[in-house]
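Notes to accompany the following structure.
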Amino acid sequence: MQKRRILTGITTSGTPHIGNYVGAIRPAIAASRRADAESFYFLADYHALIKCGDPARVQQSTLEIAATWLAAGLDPDKVFFYRQSDIPEIPELTWFLTCVTAKGLLNRAHAYKAAVDANAASGEDEDAGVTAGLYMYPVLMAADILIFNAHEVPVGRDQIQHIEMARDIAQRFNHLYADGLARTDAAFTLPEARIDEQVATLPGTDGRKMSKSYNNTIPLWLPANELKKAILGIVTDSRAPGEPKDPDTSNIFALYQAFASAEETAAMRQAFADGIGWGDAKQKLFERIDAELAAPRARYEALIARPERIEEQLLAGAHKARERATPLLEKLRWTVGVRKLDDRPAAAAAKASDAAALPQLKSYREADGKFYFKLTDADGSVLLQSRGFDAPKDAGRLSAALVEAGDDAGALAPLLREALPADADATAGEAVLAALGALKADKLAKQAQKAASA
Ligand code: TRP
């Protein structure tokens, strides 16, 4: 059975926080253990350049995110784990896709439109501060996905439009280059977004969704004492210890639930009803999170201290991924016409099929020792069968004369009387006229070609 290919990219512009871990990293690692799937996880550093102009930040974030996925349990031997910029096929495919992508499609991308709208609202030129990189973001993302023909792309809701655009672009390429894709056996798979409804979006320290843009995150790998401080700083209401508290509106409870088992969660729900104090609840929350993160945190620290080993793993991952990407890109290059100049299979195939489509005059010798020829149409059925000649040159002269006469029935009549067995009907039917006419036309065309190249 063919495995489902699941692919997702992580933009390397930030430091992983607890929301990323619960919302993306942890479920992706669990999914990567599925036996019926192949997982592709990659560090989208080219995407990072679109929003981050700080080179040191891009490098540091790439290191942190790579170490995070490895520390959290991703097994690079079981998945494809690589850095976007190590796969040169991705930017090359980006260009091929760019050339078939409607500009109007990109005009409708949410992120670009939001930037234009913000400019309009503040009375600026509508493209002020908008780079072509931002504009092209969806095409680069389509190339990420299509180069591995991914079936599923697990993403957050904000990315659904990008997956739809990747489908549109793939469909358009498949349509425009249907012929070359068929010849190279390489059409794009249409990817689907997968939104995991189970996965919680975590509240940040101020109760709003945990997000870098709200500056309310808890970094994933804080040392235990700092993690505790961050948790103690989470905003709560002013209910005193002993007062019952509503778990369903509490960010402390939501965070706890994201790490706890069903039983632990039920026990905490009861504790809220019983009026647990916020300080105690936060202490329990810290202990629960720390219990899950302590071991991977130690791995993370060890990994991050040896960047050269992560580098090695990423290069190995790229090598493995390129075993898929390189052959596909080769087919795509051929498909769009980026070809070796002496590689002309299209012309050769067209010639071969022309030849097959022509009627044929074949000479042969029978067991009786005589020389014969026959005329067959394009699909091989016999139209004429000569009598036997003692000398091959007589058979040859007559068959050449038939081609010379072509579809001229008057010229053919005496020739046919001579060529055919005495008892055969010597009047040329439509099929014979058409076949000989085609052979004559072909002969003249070849003579003309030869004269032109001489
Ligand atoms: N745009 C995605 C994000 O910001 C990151 C990304 C880049 C991606 N390429 C991808 C996600 C390909 C899925 C597939 O989250």
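The values are calculated or read from the model by the stated rules, or taken from the named source; none is laboratory data. Just so it is clear, the model here is predicted, and its values are computed rather than measured. Glycine gets a Cβ as well: all are built from the backbone with ideal geometry, and neighbour counts include every protein chain shown.
Overview of values
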| quantity | calculated |
| --- | --- |
| Residue list for the range 66-118, restricted to those being surrounded by fewer than 21 Cβ atoms within 10 Å (Cβ to Cβ) and among the charged types (D, E, K, R) | Asp75, Asp77, Lys78, Asp86, Glu92, Lys103, Arg108, Lys113, Asp117 |
| Close pairs (8 angstrom Cβ cut-off, 6 or more residues apart or separate chains): free of Cβ contacts under 8 Å to residues at least 40 places away in the same chain and more than 16 Å from Ala44 (Cβ to Cβ) in the range 1-30, of a type in the set (Gly, Ala, Ser) and more than 10 Å from the ligand (Cβ to nearest atom) anywhere | Lys3/Ala37 |
| Complete set of residues in the range 63-94 that are among the charged types (D, E, K, R) and closer than 16 Å to Glu311 by Cβ | Glu64, Arg83, Asp86 |
| Of all residues making up the range 130-158, the number that are under 30 Å from Ser39 (Cβ atoms) and assigned to a loop (DSSP other than H, G, I, E, B) | 7 |
| Yes/no for Asp185 being loosely packed, with under 15 Cβ neighbours inside 10 Å and touching a strand residue (DSSP E or B) at 6+ places or on another chain (Cβ under 7 Å) | no |
| Listing of helices (runs of 4 or more DSSP H) fully contained in the range 30-129 that carry 3 or more residues being in contact with a Ser or Thr (Cβ under 9 Å, 6 or more places away or on another chain) | 45-51, 55-71, 89-98 |
| Of all residues in the range 166-189 being among the charged types (D, E, K, R) and away from the ligand (no atom under 13 Å from the Cβ), the one that is nearest to Ile10 (Cα to Cα) | Asp168 |
| Hits in the range 1-29 (condition: in contact with a helix residue (DSSP H, G or I) (Cβ under 8 Å, 6 or more places away or on another chain) and assigned to a strand (DSSP E or B)) | Ile6, Leu7, Thr8, Gly9, Ile10, Thr11, His17 |
| Sole exception among (1) free of Cβ contacts under 8 Å to residues at least 40 places away in the same chain; (2) hydrophobic (A, V, I, L, M, F, W, C); (3) within 16 Å of the ligand (Cβ to nearest atom); (4) not assigned by TED's automatic domain parsing to the domain that holds Ala31 for Ile163, by number | (4) |
| Of residues in the range 143-160 being more than 8 Å from the ligand (Cβ to nearest atom) and among the hydrophobic types (A, V, I, L, M, F, W, C), the one nearest to Tyr112 (Cα to Cα) | Ile160 |
| Elements of type helices (runs of 4 or more DSSP H) in the range 276-395, at least 3 residues being modelled with pLDDT of 95 or more and out of contact with any His (no Cβ under 6 Å at 6 or more places or on another chain) | 278-304, 307-336 |
| Out of Gln171, Gln161, sole residue that is part of a helix (DSSP H, G or I), under 12 Å from the mean Cα position of the chain (by Cα) and surrounded by fewer than 19 Cβ atoms within 10 Å (Cβ to Cβ) | Gln171 |
| Of all residues making up the range 396-443, the number that are among the polar types (S, T, N, Q) and farther than 22 Å from Tyr364 by Cα | 1 |
| When residues of the range 174-193 are limited to those that are part of a helix (DSSP H, G or I) and hydrophobic (A, V, I, L, M, F, W, C), the one nearest to Arg324 (Cα to Cα) | Leu181 |
